[in-house]
Amino acid sequence: MKKIIIFALSIFWVSSYGQKREVNIQIDPLTENIYMLTGQGGNIGVFKNEKGLFIIDDQFARLSTKILDHLKTISNQPVTMVMNTHFHGDHTGGNENMAKQGAMIIAQKNVRSRMENKQKNKGNVITASLPAITFEEGLHLYFKNENIKAFHVHNAHTDGDTMVYFVNGNVLHMGDTFFNGRYPYIDLKSGGSITGYIRASEKALLLINDDTKIIPGHGKLATKKDLEFFLSMLKEITKAIQQEINAGRSENDIIKNSSLTSLYDAKGYGDGYINSEQIRKTIYTSLTK
């Protein structure tokens, strides 16, 4: 009986492990030429144009072949440009592979700096993986049937965040300045802040309208109402934590005070990468550092 149980458990473990490793790539059309690709890591934006494919982020290196195969269902043209919304590996891991296929990597200047410094610390700088074109505040790209505006938002998720807006298609890719339906990861060690994160959402809302389709860094395709709700969540929790700080509550008391986030915990916001304790700690740290 013991051997049977062990065997059954081993089969379950292998099966579960295999399921976890299997990544399903899905492509959803948003307009005639703009798509959202989901897999593992940050959501990818795809724009089919007269010069090839322009993509926003490229997930992990191990998925590049699979992603490129799926992109062929959109067009047989190559990926010619990759825009990185920030430097984290689940958004930039495929850079080297895309560059080897002939793609030009573009990003805000802090993205290149952080990637390069990280690689130097590991003792191996991979030049092909680094953005070849960088910008300070913004960049305009003009195509036959589309005008793309890429603009830097300061100290939000990181210090190198870029949002990308397709003017004619009315599609906005927000990178990790927006986790739809989940508490966000704010990388405080890389220049992120709750104040900047809130301002990023406010800036996005000034740009879009009720018909805009929003690609979040993580989560399902979103609308203006989804972003408005997300912003109100951030503001309400931040205000509540600031009041606790002003009242002299300790860091530990605030982190353990589940009532500060209970309304949104009940809606599943803490079921993602960042749980309710983590978001309370992140906001507390950001407000007090």
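The values are calculated or read from the model by the stated rules, or taken from the named source; none is laboratory data. Quick caveat: nothing in here was measured; it's all calculated off a predicted structure. Heads up, the Cβs are rebuilt from the backbone with ideal geometry, glycines too, and the neighbour counts pull from every protein chain shown. The accessibility values were calculated without ligands, DNA or RNA, using every heavy atom of the protein model including side chains. Shrake-Rupley method; radii C 1.70, N 1.55, O 1.52, S 1.80 Å.
Where in the range 144-257 are the strands (runs of 3 or more DSSP E), entirely inside, with at least 1 residues that are of a type in the set (Lys, Arg), open to solvent by 40 Å² or more (accessible area, probe 1.4 Å) and more than 18 Å from GLN108 (Cα to Cα)?
Output list reads 213-215.
On the given criteria, is SER262 open to solvent by 20 Å² or more (accessible area, probe 1.4 Å), among the small types (Gly, Ala, Ser) and free of Cβ contacts under 8 Å to residues at least 40 places away in the same chain?
Yes; evaluated as a whole, the condition is true for this residue.
Say whether the condition of being more than 20 Å from HIS157 (Cβ to Cβ) and among the basic types (Lys, Arg) is met by at least one residue in the range 180-201. Let's see the steps before the verdict.
Going through the range 180-201, the residues more than 20 Å from HIS157 (Cβ to Cβ) turn out to be none.
Checked against the condition, which is being more than 20 Å from HIS157 (Cβ to Cβ) and among the basic types (Lys, Arg), the range 180-201 yields no hits at all.
Need a quick list: strands (runs of 3 or more DSSP E) entirely within the range 1-51 having at least 3 residues that are open to solvent by less than 60 Å² (accessible area, probe 1.4 Å) and modelled with pLDDT of 50 or more.
Filter on the range 1-51 gives 34-38, 44-49.
Would you mind stating whether ASN97 is crowded, with 20+ Cβ neighbours inside 10 Å and either modelled with pLDDT under 95 or of a type outside the set (A, V, I, L, M, F, W, C) (or both)?
In short, yes.
Just checking, does the range 117-126 include any residue being β-branched (Val, Ile, Thr), more than 26 Å from LYS72 (Cα to Cα) and more than 21 Å from the chain's Cα centre (by Cα)?
Yes, the range 117-126 contains a residue that is β-branched (Val, Ile, Thr), more than 26 Å from LYS72 (Cα to Cα) and more than 21 Å from the chain's Cα centre (by Cα).
Check the range 103-123 and report whether any residue there is in a loop (DSSP other than H, G, I, E, B) and either in contact (Cβ under 8 Å) with a residue 12 or more places away in the chain or crowded, with 16+ Cβ neighbours inside 10 Å (or both). Break it down stepwise before answering.
As a first pass, look at the range 103-123 and keep what is in a loop (DSSP other than H, G, I, E, B): 103, 122-123.
Filter again for either in contact (Cβ under 8 Å) with a residue 12 or more places away in the chain or crowded, with 16+ Cβ neighbours inside 10 Å (or both), leaving 103.
Taking every residue of the range 103-123 in turn, at least one turns out to be in a loop (DSSP other than H, G, I, E, B) and either in contact (Cβ under 8 Å) with a residue 12 or more places away in the chain or crowded, with 16+ Cβ neighbours inside 10 Å (or both).
Which one is most open to solvent (accessible area, probe 1.4 Å) among residues in the range 124-143 that are assigned to a strand (DSSP E or B) and free of Cβ contacts under 8 Å to residues at least 24 places away in the same chain?
Looking at the filtered set, the residue picked out is TYR142.
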